[in-house]
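Participant: Provided herewith is a single structure, encoded as structure tokens, for subsequent inquiry.
The values are calculated or read from the model by the stated rules, or taken from the named source; none is laboratory data. As the structure is a prediction and not an experimental result, all values here were calculated from the model. Virtual Cβ from ideal backbone geometry, glycine too; neighbours counted across all protein chains shown. Calculation scope for accessible area: heavy atoms of the full protein, side chains included, ligands and nucleic acids excluded. Shrake-Rupley method; radii C 1.70, N 1.55, O 1.52, S 1.80 Å.
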Amino acid sequence: EPEARGRALTDYANTMSRLRTANDEEHDEKILATYQEALTTFGMETSNVGRTQALNSFAIYLNERLHGERAANQERALSLIQEAIDLFEGEERADKQNDLVCRTLASAYLAKSNIIHQREVGDEHESVSAAINSLHTALDRLGHAVDNQLRGIINLNLGHFNLELYSMTDEVSKARDAMYAYREAEALLQPFPQEYSQALLGTAMLVSEIEE
């Protein structure tokens, strides 16, 4: 069945990506080929969720890829994540009240924000602002879906990015936005030690910036 095979290929590529090494180009090519095979497999089906998750994972890998030309990887990642978003945003029949659909779409906007934030072309201030806008859209699309870790990570990144803008501009509103986001992240991420510690550290860094 194409749906099951596509998901299995995506999971396999995700697993390989976590085992990748800096000097293994053959391994890198195998990961790329596996993601591409997953997308081809999903092309035979009408499941937007499975294809969106594959596009999301592929885009994240490309954005963090150790091989190839950095800017080209980022632009391809941005193209793939936009395709993932468009699968739902452009589909009138998509059930955007469904928890799985909400989480999948929110995850895609989260990935888009990270790609934009790390993009090596364009104005830095504009990139951070665009990344923040994508995170706000992620929260909006997540809606009432129950996923404290995802919601917390989105807020954590909102804290980080608003702190960056505050460092660039000294706008008090950005410091206020960062503090609110970090507090939200702390409340949501207590069961997740790694992310929770980042929220606490972010709050401490913000307080340090304000005191200076």
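Participant: If I filter the stretch 1-41 down to residues being outside any helix (DSSP H, G or I) and among the polar types (S, T, N, Q), which single residue comes out as least open to solvent (accessible area, probe 1.4 Å)?
Facilitator: Only one residue fits best here, namely 21.
Participant: From the list 138, 111, 131, exactly one residue is surrounded by 15 or more Cβ atoms within 10 Å (Cβ to Cβ), assigned to a helix (DSSP H, G or I) and in contact with a His (Cβ under 7 Å, 6 or more places away or on another chain). Which is it? So that I can check it myself, show each step before the final result.
Facilitator: Working: 138 fails: in contact with a His (Cβ under 7 Å, 6 or more places away or on another chain); 111 fails: in contact with a His (Cβ under 7 Å, 6 or more places away or on another chain).
Step by step, each of 138, 111, 131 is checked, and only 131 is surrounded by 15 or more Cβ atoms within 10 Å (Cβ to Cβ), assigned to a helix (DSSP H, G or I) and in contact with a His (Cβ under 7 Å, 6 or more places away or on another chain).
Participant: Could you please find all residues in the stretch 184-212 being under 18 Å from residue 138 (Cβ atoms) and either free of Cβ contacts under 8 Å to residues at least 24 places away in the same chain or open to solvent by 50 Å² or more (accessible area, probe 1.4 Å) (or both)?
Facilitator: 184, 187, 192, 198
Participant: Counting only residues that are modelled with pLDDT of 90 or more and out of contact with any helix residue (DSSP H, G or I) (no Cβ under 7 Å at 6 or more places or on another chain), which one in the stretch 34-67 is nearest to residue 113 (Cα to Cα)?
Facilitator: The qualifying residue nearest to residue 113 (Cα to Cα) is 64.
Participant: While we're on this one: When the stretch 168-183 is examined, which residues are found to be in a helix (DSSP H, G or I) and open to solvent by 80 Å² or more (accessible area, probe 1.4 Å)? Break it down stepwise before answering.
Facilitator: The first filter runs over the stretch 168-183 and keeps only residues in a helix (DSSP H, G or I), leaving 168-169, 172-183.
Those that are in a helix (DSSP H, G or I) and open to solvent by 80 Å² or more (accessible area, probe 1.4 Å): 172, 176, 180, 183.
Participant: Please indicate, with yes or no, whether at least one residue in the stretch 142-151 is exposed (fewer than 14 other Cβ atoms within 10 Å of the Cβ) and either without any contact (Cβ under 8 Å) to a residue 12 or more places away in the chain or not polar (S, T, N, Q) (or both).
Facilitator: Looking for residues that are exposed (fewer than 14 other Cβ atoms within 10 Å of the Cβ) and either without any contact (Cβ under 8 Å) to a residue 12 or more places away in the chain or not polar (S, T, N, Q) (or both), one finds at least one in the stretch 142-151, hence yes.
Participant: To continue, here is another question. Applying the selection to the stretch 59-81, what residues are under 21 Å from residue 40 (Cα atoms) and open to solvent by 60 Å² or more (accessible area, probe 1.4 Å)?
Facilitator: Result: 60, 75, 76, 79.
Participant: If you scan the stretch 52-74, which residues turn out to be over 16 Å from residue 87 (Cβ atoms) and touching a Ser or Thr at 6+ places or on another chain (Cβ under 6 Å)?
Facilitator: Step one: of the stretch 52-74, the residues over 16 Å from residue 87 (Cβ atoms) are 60-74.
61, the sole residue that qualifies.
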